[in-house]
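All of the numbers you see were taken from the coordinates with simple rules; none came from a lab. This is a predicted model, so every value here is computed, not measured. Here the Cβ positions follow ideal geometry from the backbone for every residue, glycine too, while neighbour counts run over all protein chains shown.
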């Protein structure tokens, strides 16, 4: 195999970056990682050729020199903060492609209000949404809402430091059942005069449609259904399964239409709540970064980081292979935490429609170890050191808590 140019992956601390390292390495790409934590899980993957401790300061101060020293032809990043940081750089530094969304495109998907507005114009079903503003009569508006509701911030990276400075906790989602609860939530944020987006609760299961966009069309498609999340009422996918390519076809076309309307290039996941009883697909958000369930896509052969690399760096234009659609994947640490919550503290689960099936969940958790279709976010037989490091870190954390 002809030697391929180096790829840099910024951030090696989670299963997403581990998957990108494994994926690129499996295609013969030498991968060098940049990590704040020398104990990062992806740093010990057999596919990681080298690790550099991340320097202090913005990427503009140190990345050009790192590109020159490694001969990198592509840079990947995972976190939204890194995407925003790298987005301020040119799309190319010398011969190296900075494979992150351009700032104007990324801002559209980070701001849920803008995403929903574009989606409504593109013909997608969007939930009823209210963005509270200073000067409104919150009590009167709360009385007119249809409950239950979900509160979530329109632009999390922007609001997180504001909340931290005010001593307020950032919560990804909050569920609101009554007008009094809504008014209390809004009053909690009066000191910063900023409020979360209030959105209609949509029944159903999480459906993620993943696309790689180039020049207004999708060159790679994959979709999955979320079966479990942590926390249980909504968050990181901990158990998910691939959906057949033939399912949800019309909605996949709408997802591509939406990304085209957003002017999107590169990978993205369009997230829905899908109600099988009614056939409704409610748009939740567009995830403009590599997503948490990327390991399932990788196991199925839907290689989104490789698609970006081969099309951008190598100039390949041949169609991507059709992915498998018969596998499922588990993220074991949060999946175990989810089971503990369901069994031991169900009262902490905020979703008013969450189905509490403790015995069924326990049996399913155990039987999944014998499921030949099951794969794992971190563990894989051909690259076990990341899993061993992950387990070691868990033990050390448990010992520190116990001391």
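Per-structure values
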| item | result |
| --- | --- |
| Whole-number D in µm² s⁻¹ for the range 1-135, Kirkwood Cα-pair radius fed into Stokes-Einstein, 10 °C, 1.306 mPa s | 96 µm²/s |
| Angle in degrees between helix 332-344 and the longest Cα principal axis of the chain, rounded to the nearest 10 | 20 degrees |
| Protection proxy ranking of 326-338, 284-296 - average other beta-carbon atoms within 10 Å, highest first | 284-296, 326-338 |
| Highest to lowest packing among 207-213, 394-400, scored as the average C-beta count within 10 Å | 207-213, 394-400 |
| Cα-derived Rg over Rh, computed across the chain with Rh taken as Kirkwood radius | 0.96 |
| Nearest-ten-degree value, helix 358-367 long axis tilted from longest Cα axis of the chain | 10 degrees |
| Mean separation of Cα contacts under 8 Å (6+ apart) over length of the range 316-403, as relative contact order % | 34 percent |
| Span per principal axis, largest first, for the Cα atoms of the range 197-342 (Å) | 48, 31, 29 |
| Rh by Kirkwood over Cα pairs, then Stokes-Einstein D for the range 1-68 at 0.890 mPa s and 25 °C, µm²/s | 202 µm²/s |
| Alpha carbon centroid spacing (whole Å) that separates the range 1-40 from the range 286-335 | 14 Å |
| Stokes-Einstein D in µm²/s, Kirkwood radius over Cα pairs - the range 302-403 at 37 °C with 0.692 mPa s viscosity | 190 µm²/s |
| For the chain, share of DSSP beta bridges that run antiparallel, in % to the nearest 5 | 70 percent |
| Two-decimal Rg to Rh for the range 279-318 - Kirkwood Rh, Cα set | 1.10 |
| Contact order normalised by residue count of the chain, Cα under 8 Å, 6+ apart, percent | 16 percent |
| DSSP beta bridges in the range 1-134 [antiparallel fraction, %, rounded to 5] | 10 percent |
| Acute angle (nearest 10 degrees) that the helix 15-26 long axis makes with the longest principal axis of the chain, alpha-carbon atoms | 30 degrees |
| Cα gyration tensor category, rounded, prolate or oblate, for the range 76-180 with a/c compared to 1.5 | prolate |
| Rg [Å, one decimal], Dmax [Å, integer] - the range 128-200, C-alpha atoms | 11.6, 32 |
| Protection proxy ranking of 112-122, 25-35 - average other beta-carbon atoms within 10 Å, highest first | 25-35, 112-122 |
| Where a label projected 7 Å from the Cα of residue 140 along Cα→Cβ would reach, residues of the range 165-192 with amide N under 19 Å | 179-180, 182-184, 186-187 |
| Computed over the range 205-377: relative contact order in percent, which uses C-alpha pairs under 8 Å that are six or more apart | 26 percent |
| Quotient of C-alpha Rg and 2.2 N^0.38 Å, computed over the range 81-126 | 1.45 |
| Hull-based mean projected area of the range 95-251, where the convex hull spans the alpha carbons, in square nanometres | 12.3 nm² |
| Euclidean distance between Cα centres, the range 135-178 to the range 90-128, Å | 23 Å |
